[in-house]
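The values are calculated or read from the model by the stated rules, or taken from the named source; none is laboratory data. A quick note: this is a predicted structure, and the numbers were derived from the prediction, not measured. We place every Cβ from the backbone using ideal geometry, glycine too, and count neighbours over all the protein chains shown. Each accessible area value is taken on the protein alone, full model and side chains, heavy atoms only, with ligands, DNA and RNA left out. Shrake-Rupley method; radii C 1.70, N 1.55, O 1.52, S 1.80 Å.
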Amino acid sequence: MGENRREDFSKAPTPRKPVLELLWFFAIAACIKLLLVPSYHSTDFEVHRHWLALTHSLPLSQWYFDDTSQWTLDYPPFFAYFERFLSIFANIVDPQIVHLQKGLDYDTDTVIYFQRITVIVSDLCLLYGVYRLTKNLDPIKRKLIWVLVIWSPALVIVDHLHFQYNGFLLGMLLISLSYMEEGRDLMGGFFFAVLLCFKHLFAVAAPVYFVYLLRHYCRGGFVRGFGRLTIMGSVVVAVFAAAYGPFIYHGQIQQVIRRMFPFGRGLCHAYWAPNFWVFYILLDKGLSILLRKLGFSIKIPTASFTSGLVGDSSPFSVLPQVTPLTTFVVVLLALSPCLIKAFKDPQPRKITRWVAYAYACGFLFGWHVHEKASLHFVIPLAVAAVQSLEDARHYLLLSIVSCYSLFPLLFEAQEYPIKVLLLLLHSSLMWLGFSAQFDKRESVKQTGSKSKRHVQTKRSMTATGETFRIRFVEKVYLVGLLVVEIWAQFLHPFILGGKFPFVPLMLISTYCSLGVMYSWIWQLRWILKPPTY
């Protein structure tokens with residue numbers, strides 16, 4: 001009998017290695033992305049194609065001065081080097097892709113397939129980041145995070161339809177966070193510095209990194225702490241020197257900074273990212289209408305909120321003008337509770353949440369925020385979503401709101417079924433995944449000398465006796481989201497025709513802003529009083 005048992009045990013299938021399983025997740029996602037290659041792409045597609053041509057055709061000293069196209073280079077140098085690297089292969093595939101003049105608005109199948117595939121391949125960086133962050137988790141949690149990140153519909157919409165390289169950049173962020181969670185602060189700081197030299201908008205989390213590393217890495221007395229501070233500072237300086245050194249040598253650093261920070265673009269981006277300033281704008285509009293009806297002389301501004309080119313003119317009729325400095329101060333104030341917590345009690349296991357909160361603050365209160373920036377906190381929070389039932393509920397709502405807020409990016413009719421199906425599929429997978437993670441089934445009954453295991457099938461419960469479900473308020477909000485979409489997509493065009501075309505977009509942004517504000521408040525509450533798991 002014992003031998004048979006040993007023989008059966010030896011024949012049991014060995015579990016797959018996490019790396020192979022993760023590659024399967026990536027392969028499935030890649031197949032779907034390849035099917036979407038012929039779909040709509042935004043002007044960002046031509047932006048990146050032109051950057052390929054610019055970095056390939058011109059010497060480095062002219063990269064940030066060239067104005068052959070309106071899509072001038074405005075990313076940090078590491079991303080320019082990345083484009084230069086890709087241009088080597090683009091030139092092999094089709095030389096016209098990298099031709100500065102003949103390549104303008106070039107969008108044949110060759111360039112479309114080449115650029116789409118570069119985004120898919122660059123997602124391997126995201127894959128590695130997810131692997132590092134989840135390799136020590138139990139299999140259910142690990143696979144659930146893979147579903148939330150690798151199969152993120154928001155990433156598919158932004159990168160593989162609209163067109164950008166956010167997955168590649170977020171991969172570097174996750175790599176940095178994985179080292180930080182392991183207590184390897186020097187490597188975490190190194191990768192974050194590299195990330196900033198790829199895309200400077202990730203700098204919103206820099207205060208969190210600075211305070212955390214100062215207190216966690218540079219601890220141990222004055223001498224040891226100063227030594228470590230010197231090492232960390234040297235690493236960061238070396239990274240920035242590698243990025244900006246050539247441009248400093250050519251005396252172009254001011255031009256590079258000017259291109260990277262075009263503050264004249266105005267408070268709001270053209271698609272109205274769902275953040276706090278939406279309410280500020282609507283309040284100003286409401287007050288101006290009310291005061292005009294009461295007989296006050298209110299000047300109607302000529303500047304537009306959604307042009308993205310507001311410049312120095314104030315688009316507000318009643319309320320004070322919002323400047324970049326104002327938004328910077330507001331972001332720092334919103335960040336202050338997190339910075340205080342990081343200073344008092346720097347714990348590696350909390351760093352991912354703190355960084356995600358920082359990006360939520362930047363999204364809500366920052367200057368000229370793009371709706372795509374919600375990925376900066378939604379993707380890292382996927383790692384936290386598996387920690388508790390409350391985290392899962394919060395993430396379910398936040399992920400749906402974030403993805404839905406991106407719908408206006410794909411405004412053509414043929415892409416409508418794609419974005420709806422992506423969101424519905426993602427929502428279903430989240431629900432099934434969180435249910436599998438948190439619903440613990442009861443087992444346990446003994447009769448006489450025999451013990452039998454009875455599985456409860458009618459109701460699955462967590463350890464606290466509560467099933468995974470969203471609250472009444474969250475259900476009402478999600479129903480409201482459906483109502484907003486029905487009005488914006490079907491009823492408004494049918495009832496009002498071509499009148500007030502800005503209303504659907506404004507309605508979507510305003511309603512999604514409520515959901516993002518709710519998420520920010522939830523994260524702030526966690527920062528102030530983190531639960532014990």
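Could you tell me which residue of the stretch 392-427 is surrounded by the most Cβ atoms within 10 Å (Cβ to Cβ), considering only residues that are more than 13 Å from L148 (Cβ to Cβ) and polar (S, T, N, Q)?
Filtering first and then ranking leaves S405.
Would you confirm whether or not the stretch 56-64 contains a residue that is of a type in the set (A, V, I, L, M), assigned to a helix (DSSP H, G or I), exposed (fewer than 15 other Cβ atoms within 10 Å of the Cβ) and touching a residue at least 60 places away in the same chain (Cβ under 8 Å)?
Quick first cut of the stretch 56-64, residues of a type in the set (A, V, I, L, M) only: 58, 60.
Now restrict to residues that are assigned to a helix (DSSP H, G or I): 60.
With exposed (fewer than 15 other Cβ atoms within 10 Å of the Cβ) added as a condition, the list becomes none.
For the stretch 56-64, residues of a type in the set (A, V, I, L, M), assigned to a helix (DSSP H, G or I), exposed (fewer than 15 other Cβ atoms within 10 Å of the Cβ) and touching a residue at least 60 places away in the same chain (Cβ under 8 Å): absent.
Filter the stretch 74-92 for residues that are of a type in the set (F, W, Y) and in a helix (DSSP H, G or I) and give the result. Spell out how you get there, then give the answer.
Of the residues in the stretch 74-92, the ones of a type in the set (F, W, Y) are 75, 78-79, 81-82, 85, 89.
F78, F79, Y81, F82, F85, F89 - these are the residues of the stretch 74-92 that are of a type in the set (F, W, Y) and in a helix (DSSP H, G or I).
Among the candidates V378, V355, V383, which residue alone is crowded, with 24+ Cβ neighbours inside 10 Å and at pLDDT below 95?
V383
Of all residues being aromatic (F, W, Y) and either out of contact with any Asp or Glu (no Cβ under 8 Å at 6 or more places or on another chain) or part of a helix (DSSP H, G or I) (or both) in the stretch 210-225, which is most open to solvent (accessible area, probe 1.4 Å)? Just the residue, please. Walk me through how you get there before you give the answer.
Filtering the stretch 210-225 for residues aromatic (F, W, Y) gives 210, 212, 217, 222.
Still in the list and also either out of contact with any Asp or Glu (no Cβ under 8 Å at 6 or more places or on another chain) or part of a helix (DSSP H, G or I) (or both): 210, 212, 222.
Working: F210: 130, Y212: 0, F222: 166 Å².
Residue satisfying both the conditions and the ranking: F222.
Inside the stretch 501-517, can you point out the residues that are surrounded by fewer than 17 Cβ atoms within 10 Å (Cβ to Cβ) and within 19 Å of the chain's Cα centre (by Cα)?
L514
Looking at this structure, is I140 over 14 Å from A29 (Cα atoms), assigned to a helix (DSSP H, G or I) and within 19 Å of the chain's Cα centre (by Cα)?
So I140 does not fit the description; no.
Quick test for you: out of P262, P274, P246, P207, pick the one residue that is under 30 Å from I508 (Cα atoms), open to solvent by 30 Å² or more (accessible area, probe 1.4 Å) and of a type outside the set (A, V, I, L, M, F, W, C).
The conditions single out P262.
Give the number of residues within the stretch 354-406 that are closer than 24 Å to V473 by Cα and not in a helix (DSSP H, G or I).
Matching residues across the stretch 354-406 total 5.
Could you please find all residues in the stretch 133-163 being farther than 15 Å from L423 by Cβ and among the hydroxyl-bearing types (S, T, Y)?
The one that is farther than 15 Å from L423 by Cβ and among the hydroxyl-bearing types (S, T, Y): T134.
In this structure, is F163 hydrophobic (A, V, I, L, M, F, W, C), open to solvent by 10 Å² or more (accessible area, probe 1.4 Å) and under 19 Å from the mean Cα position of the chain (by Cα)?
Taking the combined requirement at face value, the residue does not satisfy it.
If the requirement is being under 22 Å from T326 (Cα atoms) and within 18 Å of the chain's Cα centre (by Cα), which of these qualifies: F198, F276, F192?
After applying the criteria, what remains is F276.
Restricting attention to the stretch 471-488, which residues are under 21 Å from F407 (Cα atoms), surrounded by fewer than 16 Cβ atoms within 10 Å (Cβ to Cβ) and touching a residue at least 12 places away in the same chain (Cβ under 8 Å)? Write out each step before concluding.
Filtering the stretch 471-488 for residues under 21 Å from F407 (Cα atoms) gives 474-488.
Those left that are additionally surrounded by fewer than 16 Cβ atoms within 10 Å (Cβ to Cβ): 475-476, 479-480, 482-483, 486.
Listed by number, the list holds a single entry, G480.
To keep it simple, each residue is scored yes or no on (1) in contact (Cβ under 8 Å) with a residue 12 or more places away in the chain; (2) surrounded by fewer than 23 Cβ atoms within 10 Å (Cβ to Cβ); (3) of a type in the set (D, E); (4) closer than 19 Å to K341 by Cα.
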{"site": "W151", "(1), (2), (3), (4)": "yes, yes, no, no"}
{"site": "V158", "(1), (2), (3), (4)": "yes, no, no, no"}
{"site": "M180", "(1), (2), (3), (4)": "yes, no, no, yes"}
{"site": "G188", "(1), (2), (3), (4)": "yes, no, no, no"}
{"site": "G227", "(1), (2), (3), (4)": "no, yes, no, no"}
{"site": "A241", "(1), (2), (3), (4)": "no, yes, no, no"}
